[in-house]
Amino acid sequence: MAFNKIWYTLALGLLLPFSYAHTDFFTSIGHMTDLINTEKDLVVSLKDYIKAEESKLEQIKKWAEKLDQLTDTATKDPEGFLGHPVNAFKLMKRLNTEWGELESLVLKDMSDGFISNMTIQRQFFPNDEDQTGAAKALLRLQDTYNLDTDTLSRGNLPGVKHKSFLTAEDCFELGKIAYTEADYYHTELWMEQALKQLDEGEVSSADKVYILDYLSYAVYQQGDLSKAMMLTRRLLELDPEHQRANGNMKYFEYIMAKEKDANKSSTDSEDQLEKETEVKKKDYLPERRKYEMLCRGEGLKMTPQRQKRLFCRYYDGNRNPRYILGPVKQEDEWDKPRIVRFLDIISDEEIETVKELAKPRLSRATVHDPETGKLTTAHYRVSKSAWLSGYESPVVSRINTRIQDLTGLDVSTAEELQVANYGVGGQYEPHFDFGRKDEPDAFKELGTGNRIATWLFYMSDVSAGGATVFPEVGASVWPKKGTAVFWYNLFPSGEGDYSTRHAACPVLVGNKWVSNKWLHERGQEFRRPCTLSELE
Ligand code: OGA
Ligand code: FE2
């Protein structure tokens, strides 16, 4: 037993440095800032290396110049030159020792410091998965925020501080990543952009022939045969011997001829089939469409009559002694479901403390697998998160009490405070916070019932993107540092309120910090009594 344990510990010890290196960098700005510092360090040691190499070359140059003059004089009159005993001695000395020393200098490796620094830092470098993840995040942002490829490539995004553009080679790289994902729509967009930048005269090592090869295939995969042929023709103009392109051209011509034949005798039932699949595709879209529209701020606007019934007020937590003298600012964000926002509800100092406590513990956020009830990572939740207990810091404990005072709900049955950080492209697609009846009971182990309500602190502003949206009802709630929103996920009967389905939109520029408290049913029996009707 003990022996096993030792082996286990040893194995773990050996594995850790490597597993530590793979932390899904792209999901969180926190870990990416470390990389910026790593890169800065590497630049410093690279410059040291250059300096050392330059001074070495300088010494070698001086030696060469000195010897150049000397040998010039010597070769003109060798006997006269050697007639001077000092010259004879110095020739012996040079050849016996000095050339040898120079040889050592030439062979001397100046790169030691830099290379060993690289070796240490490399284990913390992002890997292929990180690079693909960051590229996919970029493609996701392009879709959600309706950004055209050119705008993205030229770096013309709203709210950016440090403009940055993509080279033709970068565009080609993005296109290739889309291609390996069989995402031919984005392959076409990015290969076309690469080509456009080259056509405009950008100097680059990207090769038009390669680009056209990918591009024509992506276009063909999307069913535009004549455009695929046009692109292949263009490729063949650049490289008439290109084997695959020649083969493809013949194939395209064959398909084209076959389609012409088939068109003549196409039947109604095929048309019908096509229409049905079209409808199916559209059926799938609405939520995603609504979600993305709300993220862009194009959400359904509330009618003015409805809006008039939204108020703001000073709230004392229903005569809570802690808030009678200093009530807090509360605003109605939405009516149904009721979403309220508290203003100036967490101070900058508290935010800093919470972030510092969470930072070393941030790890890729997980979700409950609806089939097994187990925790896993998922593409639809891209962020890093950590849990903070009230026991570990008076600040966390104070925050928990504040939530209890202002919601009137018992926080002793709540989950711990969750801190989440979304990097660029980080998001949480539409979901319910509560557990549904048809799911394995994810909260069974907790023994505190379902998630009755959600309290969400915004701990940062977000330069662009990052709204919390409710696609069922068309509400968008924009992050504002120091505020918090609150809503009930369950009706008083305990039934889930499906209108609370919500999402965290991808961050477009900047980064987003939130923390949330999920309050549970147990302990609220007298604080929020059950009603007789189910959906009241
Ligand atoms: C969540 C959530 C919303 C947001 O973590 O469950 O919905 O805006 N977050 O971060
Ligand atoms: Fe949520």
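The values are calculated or read from the model by the stated rules, or taken from the named source; none is laboratory data. Please read all numbers here as calculations on a predicted model, not as lab measurements. Please note: Cβ atoms are built from the backbone with ideal geometry, for glycine as well, and neighbour counts cover all protein chains shown. Quick note on the areas: whole protein, heavy atoms, side chains included, nothing else; ligands and nucleic acids left out. Shrake-Rupley method; radii C 1.70, N 1.55, O 1.52, S 1.80 Å.
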### Query
Limited to the range 34-43, what total is found for residues that are surrounded by fewer than 12 Cβ atoms within 10 Å (Cβ to Cβ) and among the β-branched types (Val, Ile, Thr)?
2
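I need the full set of residues from the range 370-382 which are open to solvent by less than 50 Å² (accessible area, probe 1.4 Å) and at negative phi, in order please.
Matches in the range 370-382: 378, 381, 382.
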### Message
For the range 444-467, which positions are within 14 Å of ligand 1 (Cβ to nearest atom) and under 27 Å from the mean Cα position of the chain (by Cα)?
### Response
454, 455, 456, 457, 458, 459, 460, 461, 462, 465, 466, 467
### Message
Can you tell me which of (1) under 28 Å from the mean Cα position of the chain (by Cα); (2) open to solvent by 30 Å² or more (accessible area, probe 1.4 Å) is the one residue 338 doesn't meet?
### Response
(1)
### Task
Just name the residue that is farthest from residue 413 (Cα to Cα) out of those in the range 487-523 that are basic (Lys, Arg) and not in a loop (DSSP other than H, G, I, E, B).
512
### Task
For the range 49-68, state whether one or more residues are open to solvent by less than 70 Å² (accessible area, probe 1.4 Å) and more than 21 Å from residue 110 (Cα to Cα).
yes
#### Entry: Residue that is nearest to ligand 2 (Cβ to nearest atom) [pool: residues in the range 417-433 that are more than 24 Å from residue 402 (Cα to Cα) and open to solvent by less than 10 Å² (accessible area, probe 1.4 Å)]
427
### Query
Which pairs do you get when a residue that is aliphatic (A, V, I, L, M), found in the range 517-534, comes within reach of a residue that is open to solvent by 100 Å² or more (accessible area, probe 1.4 Å), reach meaning Cβ atoms under 6 angstrom, with the pair 6+ apart or on two chains?
none
### Query
What are the residues in the range 374-393 that are over 21 Å from the mean Cα position of the chain (by Cα), more than 16 Å from residue 415 (Cβ to Cβ) and not basic (Lys, Arg), if any?
393
